[in-house]
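A.B. asks: Below you will find the structure I want to go over with you.
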Amino acid sequence: MAHVITLNAGSSSIKFALFEDHAVEPAALAIGLAEIDGAARHIKVRDAVGTITHEERWESRADVGFHTDTLQRVLAWRRTAFPHAQVIAAGHRVVHGGPTMSAPAIVTDEVLAYLRTLVPLAPLHQPHSIAGILAARDAWPHVQQVACFDTAFHRGQPFVADTFAIPRHFYDEGVRRYGFHGLSYEYVSQKLQRIAPHHAAGRVVVAHLGNGASMCAIRDGLSVASTMGFTALDGLPMGTRCGQLDPGVVLYLMQERGMSADHVADMLYRQSGLKGLSGLSHDMRELEAAGTAEANQAIEYFISRIRRELGGFAAVLKGLDAMVFCGGIGENSWHVRERVLEGMEWIGVELDRTANRAGADIISTERSRVRVFVIRTNEEAMIARHTIEVQRAAI
Ligand code: ADP
């Protein structure tokens, strides 16, 4: 039985998982998280039902970077915990695939060089994706590396959906809407094809609501529009990111208030969204529990932007057959789902409040014209599936 390891590398954390190839969907044998914790580094691994099976803590080393250091530990853990696993490839979540990457790809030197040219487009994320690939190549020189792009799912969007109305040459130079969360949308869309093929073949809006949040309009399994744009700042407000913003605000802050580009970037990426509006937390659970006026307003704003995008996407799709909620908030907050769908009968949604509050998988009534699903997204499983497919095609 073939196995793959998936890696999702951030600045101070790496999510990893070991998957076994199965007919319907790769099965996770173990899911791990490595993090920097003060002066120490730390790994925690759980099995498929969430039981902790391995924990390790060690002092940071100045001579070895976090990614390299961690992957050597992951390799050693894999050898001990799953000595018989035949790891055929490592699949990486790569934030940006630029205008050309519309499918997962085996990482060659050329691909790596191309990914480096995209760093200016995603300076906060892309360097970590690349560091993860380099560390994996060092740790497992004989294992094929496969890059799975968060932008690839959206690459087929029509021009009007991925352009900005700025002078045209910028589009050709790569200044366009890329959309992100593509691995999540692809997973959800394929799952919908299995559980509700008729709806999946129609007009679907997916709301991926987590710390990062976005929405995507999908027709017949293909992305036709998304709320995230050139960067992962646009669209819905998020845990700490602002979401849609008049660019004039940025000009004002820099020209009139003398804020530097770095200062504005920090504010828009890390001090805004739910955290900025509530003055309390980026975390929806904490805001729902807090009940202060500011926390409630932050939640209201979040909900109101989701409703606007839902209406807009229904217009783009010329109607709606299904809607899906996913991500930590979409999967768990009945309150947010209820408020998003309140008074949406005109669009064809009739919410089954009882089912929604009970955490059911389908939360629309029997007679609702639009069927509403809650689907647990699984970006790691999507990376594993892509990695197996790409590896097989290469043999
Ligand atoms: P990420 O984008 O980092 O993967 P997640 O998809 O895990 O984030 O989503 C995290 C968000 O989900 C947080 O705002 C968290 O409060 C929210 N969340 C998780 N469980 C619940 C819950 N039971 N009720 C409300 N919000 C929840």
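The values are calculated or read from the model by the stated rules, or taken from the named source; none is laboratory data. Fair warning: this is a prediction, and the values are worked out from it, not measured in the lab. When we count neighbours, we look across all protein chains shown, and the Cβ atoms used for this are built from the backbone with ideal geometry, even at glycine. SASA here: full protein model, heavy atoms, side chains in, ligands and nucleic acids out. Shrake-Rupley method; radii C 1.70, N 1.55, O 1.52, S 1.80 Å.
A.B. asks: Cβ-Cβ under 7 Å, sequence separation 6+ or interchain: first residue in the stretch 366-377 and within 16 Å of the ligand (Cβ to nearest atom), partner among the polar types (S, T, N, Q). Which pairs?
C.D. replies: The qualifying pairs are Thr377/Ser184.
A.B. asks: More than 14 Å from the ligand (Cβ to nearest atom), open to solvent by 30 Å² or more (accessible area, probe 1.4 Å), in contact (Cβ under 8 Å) with a residue 12 or more places away in the chain and over 30 Å from Thr108 (Cα atoms): which single residue out of Arg353, Arg357 fits that description? Before the answer, list the steps.
C.D. replies: Numbers: Arg357 fails: more than 14 Å from the ligand (Cβ to nearest atom).
Exactly one residue qualifies, and that residue is Arg353.
A.B. asks: Further question: Search the stretch 203-231 for residues that are closer than 27 Å to Glu338 by Cβ and free of Cβ contacts under 8 Å to residues at least 40 places away in the same chain and pair each with any residue that is more than 16 Å from the ligand (Cβ to nearest atom) and among the hydroxyl-bearing types (Ser, Thr, Tyr) when their beta-carbon atoms are under 9 Å apart and the residues are at least 6 apart or on different chains.
C.D. replies: Ile218/Ser189
A.B. asks: Give me the pairs, please: first residue somewhere in the stretch 306-329 and free of Cβ contacts under 8 Å to residues at least 60 places away in the same chain, second residue anywhere and within 16 Å of the ligand (Cβ to nearest atom) and not aromatic (Phe, Trp, Tyr), beta-carbon distance under 7 Å, and either six or more positions apart or on two chains.
C.D. replies: Arg307/Val340
A.B. asks: Please state which of the following conditions Val316 fails to meet, knowing it meets all the rest: (1) open to solvent by 50 Å² or more (accessible area, probe 1.4 Å); (2) hydrophobic (A, V, I, L, M, F, W, C); (3) more than 21 Å from Gly221 (Cβ to Cβ).
C.D. replies: Only one criterion is unmet by Val316, namely (3).
A.B. asks: Among the listed residues Ala295, Ala314, which satisfies the condition of being small (Gly, Ala, Ser), over 29 Å from Val250 (Cα atoms) and either in a helix (DSSP H, G or I) or within 16 Å of the ligand (Cβ to nearest atom) (or both)?
C.D. replies: Working: Ala295 fails: over 29 Å from Val250 (Cα atoms).
None of the others qualify; the one that does is Ala314.
A.B. asks: Suppose we filter the stretch 247-269 for residues that are farther than 22 Å from His282 by Cα and open to solvent by 100 Å² or more (accessible area, probe 1.4 Å); how many remain?
C.D. replies: Total meeting the criteria: 4.
A.B. asks: Turning to a different aspect of this structure: Open to solvent by less than 10 Å² (accessible area, probe 1.4 Å), under 24 Å from Glu380 (Cβ atoms), out of contact with any Cys (no Cβ under 7 Å at 6 or more places or on another chain) and among the aliphatic types (A, V, I, L, M), is that true of Leu183? Steps first, answer last, please.
C.D. replies: Working: open to solvent by less than 10 Å² (accessible area, probe 1.4 Å): yes; under 24 Å from Glu380 (Cβ atoms): yes; out of contact with any Cys (no Cβ under 7 Å at 6 or more places or on another chain): no; among the aliphatic types (A, V, I, L, M): yes.
Judged against the criteria, Leu183 is not a match.
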